[in-house]
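Report on the structure given below.
The values are calculated or read from the model by the stated rules, or taken from the named source; none is laboratory data. Not measured: the values here are computed from a predicted model. Positions of Cβ are generated from backbone atoms using ideal geometry, with glycine treated the same way; all protein chains shown enter the neighbour counts. Accessible surface areas use protein heavy atoms only, side chains included; no ligands, DNA or RNA. Shrake-Rupley method; radii C 1.70, N 1.55, O 1.52, S 1.80 Å.
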Amino acid sequence: MYKNYIFDQGDVILDIDANLSLSAFQRLIPSSPDSLPISVADLMGGSEGRLVCEYQIGNISTSEFLNSLKSVVRPDVEENQILEAWNAMILDIPLERLEALLELRRRGAKVFMLSNTNDAHTTHIINKCFAGSRSNMFRYFDDLFLSHEMRLAKPDDEIYQETIRRTGIDPNETIYFDDLPQNIESGMRVGFHSVLTKGSNWLSLLDL
């Protein structure tokens, strides 16, 4: 076992489907889907769209984010409909993954989440998957490193370096799981044993 385990959130711990949000937004806009200001890459925590980038590093509030999207939807669309479309991609966390996190902690490992995310998604995930309480997440994780709270985002090396600084972990004793190659490359640069994985594939790599 490693002493430290760092997990991405979307498509590693949490099941997501960005196309569900894209489809929801397409139903809200008055013109063709080609005019949609959000791409799959944006919804997956990528960096194609400036609006999503600014939101996921906390440079704009949820209210400002939703107001920006109001300019491209039909005039009759309410703010709560935009928020529902934004959150539609969030599915659930399979029980087997949560049980694996608990077992790692029972065996003495430190377990962390490092995620490109945003305020609305974080709130929705807490409500949907953790009974409405952020404190419930700390059953499974020693600490959370979320881009909108850190004002940093992957694959910038700085977010990994800040995670190391705050936790005091030794990168050589740390394994990091993520579903995006560019994030894995950054993890390797700071010294993590970095593994590209998706869904529950990482479970087979643990000696539990």
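Here are a few things to note about the model shown:
- Members of the stretch 44-58 found to be under 15 Å from residue 87 (Cβ atoms), assigned to a helix (DSSP H, G or I) and at pLDDT below 90, listed by number: 52
- Members of the stretch 162-192 found to be surrounded by fewer than 14 Cβ atoms within 10 Å (Cβ to Cβ) and under 17 Å from residue 5 (Cβ atoms), listed by number: 166, 168, 170, 172
- Number of positions in the stretch 78-130 that are in a loop (DSSP other than H, G, I, E, B), touching a Ser or Thr at 6+ places or on another chain (Cβ under 9 Å) and under 28 Å from residue 51 (Cβ atoms): 5
- Any hit, the stretch 144-161, residues being small (Gly, Ala, Ser), modelled with pLDDT of 95 or more and surrounded by fewer than 16 Cβ atoms within 10 Å (Cβ to Cβ): no
- Test: residue 102 is open to solvent by 20 Å² or more (accessible area, probe 1.4 Å) and farther than 29 Å from residue 81 by Cβ: yes
- Residue 1 satisfies every condition listed in (1) modelled with pLDDT of 95 or more; (2) touching a Lys or Arg at 6+ places or on another chain (Cβ under 8 Å); (3) surrounded by fewer than 22 Cβ atoms within 10 Å (Cβ to Cβ) except (1).
- Restricting attention to the stretch 177-208, the residues that are more than 16 Å from residue 154 (Cα to Cα), not hydrophobic (A, V, I, L, M, F, W, C) and not in a loop (DSSP other than H, G, I, E, B) total 3.
- Residues that are among the hydroxyl-bearing types (Ser, Thr, Tyr) and open to solvent by 30 Å² or more (accessible area, probe 1.4 Å), drawn from the stretch 105-132: 123
- Test: residue in the stretch 151-162 that is farther than 18 Å from residue 21 by Cα and among the small types (Gly, Ala, Ser): yes
- Whenever a residue of the stretch 1-22 is basic (Lys, Arg), its partners that are outside any strand (DSSP E or B) and open to solvent by 10 Å² or more (accessible area, probe 1.4 Å), lying with C-beta atoms within less than 9 angstrom and at least six residues away or across chains, give the pairs 3/108; 3/169; 3/170; 3/173.
- Evaluation of residue 68 against (1) open to solvent by less than 10 Å² (accessible area, probe 1.4 Å); (2) more than 30 Å from residue 202 (Cβ to Cβ) (one fails), failing number: (1)
- Residue within the stretch 95-103 that is closer than 28 Å to residue 59 by Cα and modelled with pLDDT of 95 or more present: no
- Within the stretch 133-143, the set of residues being assigned to a helix (DSSP H, G or I) and loosely packed, with under 15 Cβ neighbours inside 10 Å comprises 134, 135, 136, 138, 139.
- Of residues in the stretch 73-94 being farther than 30 Å from residue 198 by Cβ and open to solvent by less than 50 Å² (accessible area, probe 1.4 Å), the one nearest to the chain's Cα centre (by Cα): 73
- Residue list for the stretch 150-199, filter: of a type in the set (Gly, Ala, Ser) and closer than 22 Å to residue 108 by Cα: 168, 191, 194
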